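Notes to accompany the following structure.
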There are 2 protein chains.
Amino acid sequence: MALIVQKFGGTSVGTPEKIQRVAEKIAQFSAAGDDVVVVVSAMSGETNRLLALAKEITTKPIAREMDVMVATGEQVTIALLAMALNRIGVPAVSFTGAQVPILTDSEHGKARILSINESSVRAQLQAGKVVVVAGFQGVDEKGDITTLGRGGSDTTAVALAAALRADECHIYTDVDGVYTTDPRVVPQAQRLERITFEEMLEMASLGSKILQLRSVEFAGKYNVPLRVLHSFQEGPGTLITTDDEDSMEQPIISGIAFNRDEAKLTIRGVPDRPGVAFKILGPISAANIDIDMIVQNVAQDNTTDFTFTVGNLDYDKALEILQATAKDIGAGEVAGTTSIAKVSIVGVGMRSHPGVASSMFEALAKENINIQMISTSEIKVSVVVEEKYVELAVRALHTAFGLDASRKV
Amino acid sequence: MALIVQKFGGTSVGTPEKIQRVAEKIAQFSAAGDDVVVVVSAMSGETNRLLALAKEITTKPIAREMDVMVATGEQVTIALLAMALNRIGVPAVSFTGAQVPILTDSEHGKARILSINESSVRAQLQAGKVVVVAGFQGVDEKGDITTLGRGGSDTTAVALAAALRADECHIYTDVDGVYTTDPRVVPQAQRLERITFEEMLEMASLGSKILQLRSVEFAGKYNVPLRVLHSFQEGPGTLITTDDEDSMEQPIISGIAFNRDEAKLTIRGVPDRPGVAFKILGPISAANIDIDMIVQNVAQDNTTDFTFTVGNLDYDKALEILQATAKDIGAGEVAGTTSIAKVSIVGVGMRSHPGVASSMFEALAKENINIQMISTSEIKVSVVVEEKYVELAVRALHTAFGLDASRKV
């Protein structure tokens with residue numbers, strides 16, 4: 001008998017009929033003797049319907065009142081799901097965020113969870129009930145309703161699992177797990193039985209479509225095993241957990257991530273002086289543009305080339321800023337392109353396996369793919385290549401690191 | 001400077017545009033220096049939309065969860081109205097029933113208010129804010145959300161006004177006040193400046209379309225002056241208050257009420273024995289049929305005729321029960337008809353003016369209207385007449401008691 005927290009998103013509870021199906025899935029766990037806490041989002045479309053109402057009133061709504069309004073979305077879902085569970089003979093009771101209570105700070109619309117008093121939830125579990133909790137919302141110490149911002153239901157589920165010391169936190173989605181890479185690019189992509197929190201975070205470009213990164217960080221911090229599952233299909237999904245050092249068959253590489261939505265900017269002939277990196281990147285950051293990879297070559301003739309990547313949408317703005325900077329600091333030509341892609345290999349196994357990066361470069365070289373930039377972390381190697389090579393690169397690496405074959409972890 | 005509680009129903013806040021207009025009305029009072037607490041219902045249609053969702057899940061929803069769901073209707077309105085007020089420069093803050101808190105018993109769907117802790121509302125008023133409270137809902141001592149049942153927003157407003165010792169409680173509606181009778185029947189009907197709680201209760205057949213009777217009772221009990229006003233028109237409305245003994249110009253009759261939705265049943269030849277009334281009416285009440293007027297004539301030949309009225313919708317059921325009872329007790333013929341109407345004259349003035357009933361009978365006799373039943377209370381005389389005479393009777397009485405003329409109270 002385990003204690004499981006299960007989270008169903010807006011699409012999974014988008015209609016009364018889907019809520020019935022979710023209730024039946026929960027009933028299976030309850031029948032197996034598990035204690036179940038369920039976290040749900042607003043029915044899909046509901047939050048947007050509410051935002052549209054507010055927009056008819058004002059374009060600058062008071063944040064406190066937005067939260068009062070938007071929090072009703074999940075409140076409707078918890079009531080409907082509790083009804084659906086009771087209808088099929090599973091005793092269930094609903095809790096709003098304030099009723100749990102999930103205490104947050106007072107940053108309306110993007111509040112952070114401060115603490116959870118789990119005693120009322122635990123009392124209902126002990127009384128044999130499934131507890132249905134509204135995701136995405138909490139209450140501050142003044143008693144005001146807060147929301148955690150969009151996608152915050154994952155965070156609610158992980159925080160509740162941590163507070164309750166749950167055995168697992170299930171995140172139900174529209175995919176049946178985390179894959180070695182995007183199956184649309186590599187049909188041989190495998191569902192991973194298991195992946196570490198760190199790997200999941202590094203696989204952001206794949207993972208962010210499945211899980212909110214903030215909830216993965218949170219789960220890692222509190223060591224809550226996360227399982228990604230399909231809402232309406234059977235299957236074990238993918239378990240996201242801590243690095244299991246004992247695992248003999250740990251693969252070197254867990255997955256191949258890629259991102260087409262980056263652009264590259266280069267400023268040449270930069271005087272090689274202390275503080276020059278800040279002079280270049282400071283104005284970019286000041287314009288709220290996120291910088292991803294940064295590469296600076298060793299100087300020649302007292303000048304250096306400086307290259308970095310930003311999101312595609314920020315490219316024009318960043319280029320403009322950089323051209324102004326080039327004049328300021330007496331640098332040379334500014335160049336850039338959006339026709340690039342980043343490809344990354346991710347795996348905790350590379351910590352103990354030197355030479356992973358060169359295997360990567362070898363595989364790309366075999367396909368005559370030129371590498372434009374390289375960046376490494378402890379468990380990731382990323383390269384920037386011309387955008388047209390992205391599929392070829394991902395497939396070559398997927399094969400080279402043995403991910404095509406079926407494997408067990 | 002007064003403290004006013006204002007209540008706007010679902011139709012008055014049915015669209016964002018109407019919510020803006022309500023905000024502008026509230027702003028007038030706020031600008032005049034009044035402290036304002038506003039109670040609002042769910043936007044019209046919203047409660048039915050939610051009930052339809054629940055119906056898709058189950059026909060026997062858990063009452064606790066229904067309240068969790070239905071309470072979101074008002075929660076959306078309070079947020080939107082607070083936004084609308086802030087937008088036009090009127091500082092405002094919203095409260096759910098639980099946030100006030102409005103403590104109720106645990107009878108979900110028809111909870112009764114036990115107490116209101118008004119200190120947080122008062123603190124916000126003192127901070128210069130308009131306080132917008134969700135009507136129709138509260139919280140029980142377990143922290144569960146409760147609802148007061150349909151129409152409960154009036155009760156919320158009156159209860160808040162009592163707790164805050166407000167100067168007046170304004171109920172905004174789609175009429176501009178309480179009339180001496182239905183203006184569709186008597187075009188000369190006058191808006192009353194003032195009416196007593198008792199009269200308002202006796203005028204149920206008119207008043208129930210405007211105000212929830214329960215809230216009038218409540219207002220009378222706690223002596224909260226109620227004012228009925230039009231949501232979107234200017235005007236003083238009608239003040240419902242305690243009997244003002246000092247008023248010299250108190251009219252004898254304040255209004256003429258009528259009800260077409262009653263049916264009459266008669267059982268003849270009832271043996272004149274103690275307990276026979278209970279034998280006749282007991283089975284009717286046991287079938288959850290409300291009995292209105294009851295008339296029993298003095299016995300002749302040791303038998304008596306026994307007549308009572310019920311709602312039209314219960315007529316067939318009541319007739320069936322009565323026929324069975326007649327056999328049981330050895331009574332005679334059972335007769336009945338739905339072609340009747342009840343016409344009542346209402347006024348606290350009749351306490352000090354004997355002869356009002358005979359003036360009524362005289363007015364009806366002049367029009368050749370036969371009276372079938374008579375029933376009196378301290379401030380009301382009701383008669384049952386053939387249904388086809390109802391308009392004629394109401395018009396005749398309206399004229400006879402001087403209500404056609406314009407008057408001041």
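Looking across segment A:357-367, the residues that are surrounded by fewer than 20 Cβ atoms within 10 Å (Cβ to Cβ) and either over 18 Å from A:Glu199 (Cβ atoms) or β-branched (Val, Ile, Thr) (or both) come down to A:Ser358, A:Phe361, A:Glu362, A:Ala363, A:Ala365, A:Lys366, A:Glu367.
In this structure, does B:Glu262 turn out to be of a type in the set (Asp, Glu) and either buried (at least 20 other Cβ atoms within 10 Å of the Cβ) or at pLDDT 90 or above (or both)? Here the answer is yes, as B:Glu262 does meet what is asked.
Before we move on, is B:Ser44 touching a residue at least 24 places away in the same chain (Cβ under 8 Å), closer than 24 Å to B:Leu125 by Cβ and either among the polar types (S, T, N, Q) or surrounded by 24 or more Cβ atoms within 10 Å (Cβ to Cβ) (or both)? Judged against the criteria, B:Ser44 is not a match.
Just one of the listed residues (A:Ala324, A:Ala318, A:Ala277) is touching a Phe, Trp or Tyr at 6+ places or on another chain (Cβ under 8 Å) and part of a helix (DSSP H, G or I), and it is A:Ala277.
Of all residues in segment A:1-40, those that are of a type in the set (S, T, N, Q) and in a loop (DSSP other than H, G, I, E, B) total 3. Against the numbered list (1) under 22 Å from A:Glu65 (Cα atoms); (2) within 12 Å of chain A (Cβ to nearest Cβ); (3) touching a strand residue (DSSP E or B) at 6+ places or on another chain (Cβ under 8 Å); (4) not charged (D, E, K, R), B:Ala84 comes up short only at (3). Remark: pairs (first residue in segment A:343-366, among the acidic types (Asp, Glu); second residue part of a helix (DSSP H, G or I); Cβ separation under 9 Å; 6+ apart in sequence or on different chains) = A:Glu362/A:Ala400. Take the conditions surrounded by fewer than 21 Cβ atoms within 10 Å (Cβ to Cβ), of a type in the set (Ser, Thr, Tyr) and more than 20 Å from B:Ile280 (Cα to Cα) and apply them to B:Ser344. Does it pass? No, not satisfied.
Of B:Ile256, B:Ile289, B:Ile267, all but one fail to be outside any loop (DSSP other than H, G, I, E, B), under 25 Å from the mean Cα position of the chain (by Cα) and under 23 Å from B:Ile374 (Cα atoms); the exception is B:Ile256. The C-beta contact set for segment A:212-227 (first residue touching a residue at least 60 places away in the same chain (Cβ under 8 Å), second residue polar (S, T, N, Q) and part of a helix (DSSP H, G or I), distance under 8 angstrom, 6+ apart or interchain) comprises A:Gln212/A:Thr155; A:Arg214/A:Thr155; A:Ser215/A:Thr155; A:Phe218/A:Thr155; A:Leu226/A:Ser215. Within segment A:1-28, if we keep just the residues that are more than 20 Å from A:Val70 (Cβ to Cβ) and touching a His at 6+ places or on another chain (Cβ under 9 Å), the residue that is surrounded by the most Cβ atoms within 10 Å (Cβ to Cβ) turns out to be A:Val5. Among the residues examined, B:Ser94 qualifies as on the phi < 0 side of the Ramachandran plot, part of a strand (DSSP E or B) and at the interface with another protein chain (Cβ under 7 Å from one of its Cβ atoms). For segment B:1-40, the tally of residues that are touching a strand residue (DSSP E or B) at 6+ places or on another chain (Cβ under 7 Å) and within 12 Å of another protein chain (Cβ to nearest Cβ) stands at 2. Residues in segment A:64-91 that are under 26 Å from the mean Cα position of the chain (by Cα) and either in a loop (DSSP other than H, G, I, E, B) or basic (Lys, Arg) (or both): A:Ala71 alone.
Residues that are within 10 Å of A:Glu367 (Cβ to Cβ) and either surrounded by 21 or more Cβ atoms within 10 Å (Cβ to Cβ) or of a type in the set (Lys, Arg) (or both) within segment A:386-395 comprise A:Ala393, A:Arg395, listed in sequence order. For B:Ile78, indicate whether it is facing another protein chain (nearest Cβ under 7 Å) and among the hydrophobic types (A, V, I, L, M, F, W, C). So B:Ile78 passes the test.
Of the residues contained in segment A:52-63, none is found to be surrounded by 21 or more Cβ atoms within 10 Å (Cβ to Cβ) and within 28 Å of the chain's Cα centre (by Cα).
Selection of segment A:97-116 for residues being more than 12 Å from chain B (Cβ to nearest Cβ) and within 20 Å of A:Met69 (Cβ to Cβ) yields A:Gly97, A:Ile102, A:Thr104, A:Asp105, A:Ser106, A:Glu107, A:Gly109, A:Lys110, A:Ala111. Evaluated against (1) part of a helix (DSSP H, G or I); (2) under 24 Å from A:Phe232 (Cβ atoms); (3) at the interface with another protein chain (Cβ under 10 Å from one of its Cβ atoms), A:Met43 falls short on exactly one condition, (1).
The set of residues in segment B:327-341 that are assigned to a strand (DSSP E or B) and in contact with a helix residue (DSSP H, G or I) (Cβ under 8 Å, 6 or more places away or on another chain) comprises B:Val334, B:Gly336, B:Ile340, B:Ala341.
I'd like to check something: does segment A:117-137 contain any residue that is surrounded by fewer than 24 Cβ atoms within 10 Å (Cβ to Cβ), of a type in the set (A, V, I, L, M) and more than 14 Å from chain B (Cβ to nearest Cβ)? Within segment A:117-137 (the criterion being surrounded by fewer than 24 Cβ atoms within 10 Å (Cβ to Cβ), of a type in the set (A, V, I, L, M) and more than 14 Å from chain B (Cβ to nearest Cβ)), the answer is yes, since at least one residue qualifies. Within segment A:276-318, the set of residues being β-branched (Val, Ile, Thr) and under 17 Å from A:Glu262 (Cβ atoms) comprises A:Ile284, A:Ile289, A:Ile291, A:Ile294, A:Val295, A:Thr307, A:Thr309, A:Val310.
Of the numbered criteria (1) of a type outside the set (Gly, Ala, Ser); (2) at the interface with chain B (Cβ under 10 Å from one of its Cβ atoms); (3) closer than 19 Å to A:Glu168 by Cα, the one A:Arg64 fails is (3). Only one of the numbered conditions (1) over 30 Å from B:Tyr315 (Cβ atoms); (2) modelled with pLDDT of 90 or more is violated by B:Pro251, and that is (2).
Going by what's in this entry, would B:Ala63 be described as touching a residue at least 12 places away in the same chain (Cβ under 8 Å) and in contact with a His (Cβ under 8 Å, 6 or more places away or on another chain)? Yes.
Within segment A:81-99, the residues that satisfy the criterion of being touching a residue at least 40 places away in the same chain (Cβ under 8 Å) and either touching a Leu at 6+ places or on another chain (Cβ under 8 Å) or buried (at least 18 other Cβ atoms within 10 Å of the Cβ) (or both) are A:Leu81, A:Ala82, A:Ala84, A:Leu85, A:Val90, A:Ala92, A:Ser94, A:Thr96, A:Gly97, A:Ala98. Among the residues here, A:Arg184 does not qualify as touching a residue at least 12 places away in the same chain (Cβ under 8 Å) and surrounded by fewer than 20 Cβ atoms within 10 Å (Cβ to Cβ).
Taken over segment A:292-326, the residue count meeting the criterion of being over 26 Å from the mean Cα position of the chain (by Cα), closer than 18 Å to A:Met373 by Cα and either crowded, with 17+ Cβ neighbours inside 10 Å or polar (S, T, N, Q) (or both) is 6.
The values are calculated or read from the model by the stated rules, or taken from the named source; none is laboratory data. Given the structure is predicted, the values throughout are model-derived calculations rather than measurements. Quick reminder, even Gly has a Cβ in these numbers, built from the backbone with ideal geometry, and neighbours come from all protein chains shown.
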